[in-house]
Amino acid sequence: MRSIFLLGVLAAALTTSAAAQGADGKAIYDANCKKCHHDDGKPVAGIKKMNPKIEEFSAAFFAKHADAEMLKAVKEGKDKMKPFGEKLKADEIDAVLKYIKATFK
């Protein structure tokens, strides 16, 4: 009986620890954004042809676009980019925005 209790405590601790770490921005980017924005934040040629307004993630991009604007684009979509507001949770969107800002500066 005691071992079952200890397993329950351990499981709760692991769950809390995983939740505290938050969403993995890179994993979310890889699963949802990389197809169009590529590994390096530069749109692939076919996507650029289909959506000429798509921009490269760079220091200039981040200087030009406020966080609130990027958040809105991810949630609601922009031009030909589909919305992700119903697919991703708020913490996942925040994590992917932090990831792209840290990675493609």
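Can you work out the FRET efficiency for the pair residue 63 and residue 91, with r the C-beta to C-beta distance and R0 = 25 Å, to the nearest 0.05?
So, using R0 = 25 Å, E works out to roughly 0.45.
Just check the stretch 23-103 against the gyration tensor rule for me: Cα atoms, a ≥ b ≥ c as the square roots of the eigenvalues, rounded for a/c under 1.5, and otherwise prolate or oblate depending on whether a/b exceeds b/c.
rounded
Tell me whether the stretch 21-70 comes out rounded, prolate or oblate; compute the Cα gyration tensor, take square roots of the eigenvalues as a ≥ b ≥ c, and use a/c under 1.5 as the rounded threshold.
Oblate is the answer for the stretch 21-70, as a/c is 1.5 or above yet b/c matches or exceeds a/b.
Using a Cα-Cα cut-off of under 16 Å, which lysines could be cross-linked to residue 72, ignoring same-chain neighbours fewer than 8 residues away?
Reachable lysines: 64, 80, 82, 87, 89, 98, 101.
Grab the beta carbon distance between residue 102 and residue 45, set R0 = 22 Å, and tell me the FRET efficiency rounded to 0.05.
The calculated FRET efficiency here is 0.30.
May I ask you to derive the relative contact order of the stretch 23-103, considering only C-alpha pairs under 8 Å and at least 6 residues apart, and to give it as an integer percent?
40 percent.
What distance in nm separates the two pseudo spin-label positions at residue 73 and residue 27, each 7 Å out from Cα along the beta-carbon direction?
2.6 nm
Each value in this text was obtained by applying a stated rule to the coordinates, not by laboratory testing. Keep in mind the model is a prediction, meaning the values are calculated, not measured. Note: ideal-geometry Cβ built from the backbone for every residue, glycine included; neighbour counts use all protein chains shown.
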